[in-house]
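A.B. asks: Structure incoming, see below.
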Amino acid sequence: MEAAPALALIVAGLGAAIDLRTRRIPNAVTLGGTVAAFVYVGSTSGLPGLGQSAAGWATGLGLFLPLYLLGGMGAGDVKLLGAIGAWLGPKAALYCALYSVIAGGLLALVVALRHHYLRQAFQNIWGLIGFWRISGIRRAPGLSLDDASGPRLAYGAAILTGTIATVFVR
């Protein structure tokens with residue numbers, strides 16, 4: 001295995017482990033992982049590699065940023081996908097996001113079942129869709145991370161799963 005994918009897995013693993021324990025992903029992991037990727041890729045692949053790393057970072061941020069702005073995802077999750085994109089490049093960031101969303105959906109089902117929250121989760125989804133139909137797509141009061149009463153996902157685990165799938169399946 002090449003160094004960049006292995007280091008991306010380490011960053012994703014750190015983010016997931018801390019997220020599972022604290023429900024937060026610290027900037028030391030996300031921003032530190034991004035800076036380390038830029039330094040490593042820039043020093044091993046020159047300016048073209050640094051451009052790919054920056055494009056991967058921007059792709060990762062851009063894919064999950066709307067979810068953060070709507071209150072459905074934490075900033076650490078967005079920055080973690082950006083860091084993974086910085087290590088793997090823009091195309092891999094797309095795959096990682098796709099696999100992470102699939103893993104996140106499965107994780108959400110498991111957490112909702114475990115906490116006897118599945119019915120409420122589906123009611124919240126329908127309420128959110130109805131709110132968006134009437135008010136446009138924006139944060140829905142009572143249905144964002146800031147003010148929701150349901151269980152929180154450690155989405156770093158989904159991002160780790162997406163990173164593993166991207167590195168080993170793609």
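Every read-out reported here was derived from the displayed coordinates using simple, explicitly stated rules and does not represent laboratory data. As the structure is a computational prediction, the values presented were derived from the model and not from experiment. Here the Cβ is made from the backbone with ideal geometry for all residues, glycine too, and neighbour counts use every protein chain on show.
A.B. asks: Go through segment 8-36 and count every residue that is among the hydrophobic types (A, V, I, L, M, F, W, C), in contact (Cβ under 8 Å) with a residue 24 or more places away in the chain and more than 15 Å from residue 159 (Cβ to Cβ).
C.D. replies: 2
Matching residues to (1) over 18 Å from the mean Cα position of the chain (by Cα); (2) surrounded by fewer than 14 Cβ atoms within 10 Å (Cβ to Cβ); (3) among the polar types (S, T, N, Q):
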site: 82; (1), (2), (3): no, no, no
site: 90; (1), (2), (3): no, no, no
site: 94; (1), (2), (3): no, no, no
site: 101; (1), (2), (3): no, no, no
site: 133; (1), (2), (3): yes, yes, no
site: 143; (1), (2), (3): yes, no, no
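A.B. asks: From the list 77, 147, exactly one residue is acidic (Asp, Glu) and surrounded by fewer than 17 Cβ atoms within 10 Å (Cβ to Cβ). Which is it?
C.D. replies: On the way: 77 fails: surrounded by fewer than 17 Cβ atoms within 10 Å (Cβ to Cβ).
When all the criteria are applied, what remains is 147.
A.B. asks: While we're looking at this one, here's another question. Which of the residues belonging to segment 112-124 are farther than 15 Å from residue 154 by Cα and either assigned to a helix (DSSP H, G or I) or among the charged types (D, E, K, R) (or both)? I'd like the intermediate steps shown before the answer.
C.D. replies: Taking segment 112-124 as the starting set, the residues that turn out to be farther than 15 Å from residue 154 by Cα are 113, 116-124.
Listed by number, the residues that qualify are 113, 118, 119, 120, 121, 122, 123, 124.
A.B. asks: A follow-up question, please. Taking the stated definitions as given, is residue 154 touching a residue at least 24 places away in the same chain (Cβ under 8 Å), crowded, with 18+ Cβ neighbours inside 10 Å, farther than 29 Å from residue 55 by Cα and of a type outside the set (Lys, Arg)? Lay out the reasoning, then the answer.
C.D. replies: Values: touching a residue at least 24 places away in the same chain (Cβ under 8 Å): yes; crowded, with 18+ Cβ neighbours inside 10 Å: yes; farther than 29 Å from residue 55 by Cα: no; of a type outside the set (Lys, Arg): yes.
So residue 154 does not fit the description; no.
A.B. asks: State all residues of segment 23-37 that are surrounded by fewer than 18 Cβ atoms within 10 Å (Cβ to Cβ) and not small (Gly, Ala, Ser); if no residue qualifies, say none.
C.D. replies: Once the filter is applied, which keeps residues that are surrounded by fewer than 18 Cβ atoms within 10 Å (Cβ to Cβ) and not small (Gly, Ala, Ser), segment 23-37 yields 23, 24, 26, 27, 31, 35.
A.B. asks: List the pairs whose first member sits in segment 67-93 and is among the aromatic types (Phe, Trp, Tyr), whose second member is assigned to a helix (DSSP H, G or I), and whose Cβ atoms are under 7 Å apart, counting only residues at least 6 apart or on separate chains?
C.D. replies: From segment 67-93, the pairs are 68/75; 68/78; 87/4; 87/7; 87/8; 87/11; 87/37.
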